Each structure stands twice: as C-alpha cells, then as structure tokens.
1. Sort out which residues of region 136-193 are in contact with a helix residue (DSSP H, G or I) (Cβ under 8 Å, 6 or more places away or on another chain) and among the hydroxyl-bearing types (Ser, Thr, Tyr), and write them in order of number.
2. Being at pLDDT 95 or above, assigned to a helix (DSSP H, G or I), closer than 15 Å to Arg86 by Cβ and not small (Gly, Ala, Ser) is the requirement here; does Arg154 meet it?
3. Starting from residues that are under 13 Å from Gln60 (Cα atoms) and not hydrophobic (A, V, I, L, M, F, W, C), keep the ones in region 119-144 and report whichever is surrounded by the most Cβ atoms within 10 Å (Cβ to Cβ).
4. Which of the following residues is modelled with pLDDT under 95 and within 19 Å of the chain's Cα centre (by Cα): Ala3, Ala25?
5. It is to be established whether one or more residues within region 151-161 are more than 17 Å from the chain's Cα centre (by Cα) and not aromatic (Phe, Trp, Tyr).
6. How about region 95-112: which of its residues are assigned to a helix (DSSP H, G or I) and touching a helix residue (DSSP H, G or I) at 6+ places or on another chain (Cβ under 8 Å)?
7. For region 28-59, how many residues meet the condition of being outside any helix (DSSP H, G or I) and under 16 Å from His117 (Cα atoms)?
8. Out of region 37-78, which residues are surrounded by fewer than 21 Cβ atoms within 10 Å (Cβ to Cβ), under 30 Å from Arg184 (Cβ atoms) and in contact with a Lys or Arg (Cβ under 9 Å, 6 or more places away or on another chain)?
Amino acid sequence: MAAAGQHRDALLAASVRLFRQKGYAATGLAEILAESGAPKGSLYHYFPGGKTEIGAAAVQRAGETVARTLAQLSAETDGPGDLLARYLDMMAGWMAQSDYRDGSPITTTLLETAQEHEAIRMAGAAAFAHWAAILEASAVQAGVPADRAAALARFAVAALEGAVIQCRVSRDDAPLKLAAAELRALYEAARKG
C-alpha cells in the first residue's frame, strides 16, 4: 500500500481506537495525529471535513469490521444463537484485555454525536442495519420465520450494544454472558416456532 493510503488507514485506526475508548468529544485531532503517526497535513488532506468527517469514517470502518466478524461467525456456526454467543464471548475477552476501557466500536461515538452530526448518525444507522441483516439471514437459514428473524435481529443488536455498555460500567463480563444466554434461548424458541 502506498504511504499516502497508509496515512489514511492509520488515521482511521487511531480514530476508531480513541473514540471507542475515550469518546468523540474527549478525543482531539492532535491526539489522533499523534496516535496514528501520520503527518500533520494528512488529516485535512484525507478528511477535509475535519473531525466530523473522520468521525463518520471511523464509525463506518468500525461497523464494517464488526460486520465482517459477524459474517465469518455466521459461516462457522449453527444459527444466530451460536453466532451471538461466540461474538459476545469474543467481546468479553477484548473488553477484559483492555481492562474494560474498550466499548462498542461505534456506540461511544454515536451517543455523543447522533443529534449534532448527521453524517455520523447515518454511518451508525447503516452499521446497525448491516449487523441486523447478517443476523436476520442467519436466523432465516436456521429456520426462523422471516418476520420473526427481522425483529429478533434488531433486538439482538440492541441487546448486544446495551450489554457492552453495562459490561464496561460494571467492569465485568456478566452482562455479555447474560445477553448471550438469553439471545440463544430466544432464537431457539423462534426456531421451534
């Protein structure tokens, strides 16, 4: 990859990490530059809209990363209950490894910006919709009726995000384990229909 492309990727990776850990408002552009190692002029070269543009791109990038993980787990598991149990177990591990400094890759940013920055809100809405579509497809393939699969997918995304917030606050993975168990039970009941 050309150095210029590396600078853009480094800026995005640093933004995702910092926004996830500290939040959008508490992260300054100078901190993003320092964390990324990119030259000073590169931020406005790649993100002429400044912090809002990098915020939207960071939410999009983080959302795509989660979607890839969910799609991979979908291919490896026997339905959405197993998929979510594995994903939430992975989340618990990542959060413990960060000493509960990490949170959702996008929610920390969205909570602060959704009302003021339409581009960031739209990036978050697209990410949540993509995650739900993966879960819905997994459920339909596992035998859950389509209308129930759609509702459960949206609920699962809400439960996942809420569990991550509670896990970070409690500094314990119990909320993630509870969400995994309850979502598995809901999906199993929906399969039996």
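The values are calculated or read from the model by the stated rules, or taken from the named source; none is laboratory data. Fair warning: this is a prediction, and the values are worked out from it, not measured in the lab. Cβ placement follows ideal geometry from the backbone for every residue including glycine, while neighbour counts extend to all protein chains displayed.
1. Ser138, Tyr187
2. So Arg154 does not fit the description; no.
3. Out of the qualifying residues, it is Gly124.
4. Ala25
5. The answer is yes, given that some residue of region 151-161 is more than 17 Å from the chain's Cα centre (by Cα) and not aromatic (Phe, Trp, Tyr).
6. Residues satisfying the conditions are Met95, Thr107, Thr108, Thr109, Leu110.
7. Counting residues in region 28-59 that are outside any helix (DSSP H, G or I) and under 16 Å from His117 (Cα atoms) gives 3.
8. Correct list: Leu73, Glu76, Thr77.
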